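Each reported figure results from applying straightforward, stated rules to the coordinates on display, with no laboratory input. Since the structure is predicted, the reported quantities are computational estimates derived from the model, not experimental observations. A quick note on method: Cβ atoms are made from the backbone with ideal geometry, for glycine too, and the neighbour counts reach across all protein chains shown.
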């Protein structure tokens, strides 16, 4: 996985962009735990998704694109990269179904 | 141009732009604020009026500073939006060339509640003319102070229009640059940059607000 950590506009390093080894599929989103709000704009030519996981991060990306972005919560900013990588591994994991 | 503003406004309007449990609104790869427009107006116009008590030099500095706030906003907010996944997903498929980025970002602005922006004219690389029918700045000024005796008052919009041109035609937002302080200085302080002027303002008696950006 290719990782790019970005400095956010509040002065932290909490925005982590990761390029997965393969494009994201819609069913991959089911493997992210703790999602409170899931938005998928499936009608768009490039379907945008946004998963909000309170206490951890906001995950955004585009279905069929390997790049995802984690905006990690202030409360866990020290673990931003760790949390993002852990969730990215889940996203890219081989489906068991 | 192939940009469908209605589709963009609907799509952006479908995004849950609400605060999280930390009081932040992460969207477009940056943080949005739900700001009281009246509060921003109050602070801006108190500053402007105080400058008028001091004389022309203070007025010039105040107006420049208030427009500069618009430049900073445009650079970070419009620039951040144009680099975001939301942009790629919603606006990206409608863009067939650099010139389409202008109506693209104007459409997104129209989803943010700043007033109704309309493209009156675009000469690529040379001039952008934007009409704003109900800018929150002129509306706020009229409600609080009545007709302006201090000239045009839509400073954030003025800086914003210059910012659009600087991001798209003076810089190259299409190349996905990092939005760093150095890049800001290059776009907004260097030679060949765009500057904007509000040539008509509702607060000063015009029928609508109109901002024109041209190279300095």
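What list do you get for B:96, B:84 if you sort them by fewest beta carbons within 10 Å?
Least to most surrounded, the residues fall as B:96, B:84.
Binned at 20 Å from 0, what are the whole-percent values of the Cα-Cα distance distribution for the protein assembly as shown, short to long?
P(r) over the protein assembly as shown, rounded to whole percents: 31, 54, 14, 0.
Give me the inter-chain shielding for A:46-52: mean count of other chain Cβ atoms within 10 Å, whole number please.
Per residue, the average neighbour count from other chains is 4.
In a Gaussian network model over chain B where Cα atoms closer than 10 Å are linked, find which of B:120, B:198, B:22 has the largest mean-square fluctuation.
Ranking B:120, B:198, B:22 by mean-square fluctuation puts B:22 first.
Relative contact order for chain B: what percent, with Cα pairs under 8 Å and sequence separation of 6 or more?
Dividing the mean separation by the residue count of chain B yields 23 percent.
Summing -39500 (n - 2.57) over the DSSP H runs of n ≥ 4 in chain A and dividing by its residue number, what mean residue ellipticity at 222 nm do you reach, to the nearest 500 deg cm²/dmol? Intermediate results must be reported in sequence, preceding the final value.
On the way: 1 runs with 13 residues, N = 97.
Calculated at 222 nm, the ellipticity per residue is -4000 deg cm²/dmol.
Using Cα-Cα distances under 8 Å and only pairs 6 or more residues apart, what relative contact order does segment B:109-216 have, in percent?
33 percent
Take the Cα atoms of chain B, find their three principal axes, and give me the spread along each one in whole Å, biggest first.
Ordered largest first, chain B gives principal extents of 50, 42, 34 Å.
Could you please rank A:3, A:72, A:53, placing first whichever residue has the fewest other Cβ atoms within 10 Å of its Cβ?
A:3, A:53, A:72
So what is the 222 nm mean residue ellipticity for chain B from helices alone, if each DSSP H run of at least 4 adds -39500 (n - 2.57) and you divide by all residues, rounding to the nearest 500 deg cm²/dmol?
That calculation yields -13000 deg cm²/dmol at 222 nm.
With just the Cα atoms defining each centre, how far is segment B:117-177 from segment A:31-60? Give it in Å.
Centre-to-centre (Cα) distance: 33 Å.
What order do you get for B:209, B:73 when you list them from fewest to most C-beta neighbours inside 10 Å?
Numbers: B:209 28, B:73 15.
Neighbour counts put them in this order, fewest first: B:73, B:209.
Just counting partner chain Cβ atoms within 10 Å, what average do the residues of peptide B:5-13 show around their Cβ?
1
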